[in-house]
Amino acid sequence: MTRSPRAIAAAVAAILAVLALSACTNGTQNEAPVDPSTAKIGLLLPDSVTARYDTADRPYFEERVRELCPDCEVLYGNADGDTAKQQQQAESMLTQGVSVLVLDPYDGKAAATIVRLAQSRRVPVISYDRLIDSPDLAYYISFDNELVGRLQGQALVEKLREDGVKPGDGGILMVNGSPTDNNASQFKKGAHELIDASGYAVLAEFDTPGWDPARAQDWVAGQITQFGDRIVGVYAANDPTAGGAIASLKAAGISPLPPVTGQDAELAGLQRILTGDQYMTVYKALRPEAAKAAELAVDLVNGRTPAGEVHIEVGGRSIPSFLLEPVAVTRDRIGPVVIDDGFFTLAQLCTSDYAAACAAAGLG
Ligand code: BGC
């Protein structure tokens, strides 16, 4: 059978298109599968002032890797809020021969150096929870972080209105997250959208270095000296910084406490919500986030490069990404959202100190 020149040209074009597509699916690293019986996967997390990393992200990630690749070994490092330490941990993992790095950067810009180094060893990097400012990422997995900020801002503004607070009565303190964390600027952006449109003024705001609750506490103490009872609400970007803010408000004898936001549904944060010290938190289902990162890491070990659900532009390149949805949690939502999802058990939440508050909230 003879083919017309046009049919041959079409066939050649189709083959070229397939080749071009396969070269694009994973921009930088399209490695041959690694032997899973010897594969090592590096997990690098950013700080130890936030409970989630050691109590949730790490165990959930390790559990899912074990299920998918029983012989894979997970190497773990927590940077303890130190850029240089994270760089050293990454270098050490690369020297030990990891096949993939799952990296939640302490400093999203500085971590581009780690990605470059990994790339030179043909080791793909998954940007975990916080975005790394590098076009060479294999994947990015996180939550819709501007939505986190909008949920916090909305809950605060609605609570102030519900309590009959007038814009002229005072304003809001904003305790933002770390200036080295891309998420923190997204939370702040989302929160500002709601607060700026509400008519309530922002009295002052602070980017908390390293998300350190002690720094948040000190800053709030200074603002209380300056603004006193003109503070009608506190936007705190996560539960540990909320805890710091609340400690200062209590130490200054402010009563009743103004509404304070949070994030992470930490046990301590949920317990403060039960007793009325903290107004809300944002629940982010960390199990699916960590599990997805583990699945992608094992896929990469096996030479597979699944498509992303969405694409995020970084430095002119489109990074295949997965973004999960956060949920606002006030007192009446702790049961249906956090407990029903298995994030904590009632026994963990409702210890003897909180038994009465739990009963009053219909828990336990
Ligand atoms: C995470 C938050 C966490 C904060 C402090 C952010 O990047 O998304 O869940 O509370 O870092 O570690």
Report task. Among what's in the stretch 123-141 and is closer than 16 Å to LYS284 by Cβ and in a loop (DSSP other than H, G, I, E, B), pick the residue that is farthest from the ligand (Cβ to nearest atom). Result -> LEU131
Query raised in the report: Only one residue in GLY153, GLY199 is of a type in the set (Gly, Ala, Ser) and buried (at least 20 other Cβ atoms within 10 Å of the Cβ). Which one?
Result: GLY153
Requested in this report: Output yes when any residue across the stretch 253-272 is out of contact with any helix residue (DSSP H, G or I) (no Cβ under 8 Å at 6 or more places or on another chain), assigned to a helix (DSSP H, G or I) and outside the structural domain of ASP129 (by TED's automatic domain parsing), and no when none is.
Outcome: no
Report task. Could you tell me which numbered condition LEU249 fails, if it satisfies all but one of (1) within 18 Å of TYR279 (Cβ to Cβ); (2) within 15 Å of the ligand (Cβ to nearest atom)? Result -> (2)
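From ASP133, ASP129, ASP82, ASP107, grab the single residue that is at positive phi and not assigned by TED's automatic domain parsing to the domain that holds LYS189.
Only one candidate passes the filter, namely ASP129.
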Report task. Kindly check whether there is at least one residue in the stretch 178-185 that is more than 15 Å from the ligand (Cβ to nearest atom) and not acidic (Asp, Glu). Result -> no
Query - Selection from the stretch 89-122 of residues that are of a type in the set (A, V, I, L, M, F, W, C), in contact with a Gly (Cβ under 9 Å, 6 or more places away or on another chain) and in a loop (DSSP other than H, G, I, E, B) - result: VAL98
Query raised in the report: Among the residues of the stretch 211-243, which ones are under 26 Å from LYS85 (Cα atoms) and either surrounded by fewer than 22 Cβ atoms within 10 Å (Cβ to Cβ) or more than 14 Å from the ligand (Cβ to nearest atom) (or both)?
Result: ASP212, ALA214, ARG215, GLN217, ASP218
Report task. Pull up the stretch 269-311, narrow it to residues that are small (Gly, Ala, Ser) and surrounded by fewer than 16 Cβ atoms within 10 Å (Cβ to Cβ), then point me to the one that is nearest to the ligand (Cβ to nearest atom). Result -> GLY276
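The values are calculated or read from the model by the stated rules, or taken from the named source; none is laboratory data. Please read all numbers here as calculations on a predicted model, not as lab measurements. Cβ: placed from backbone, ideal geometry, glycine included. Neighbour counts: every protein chain shown.
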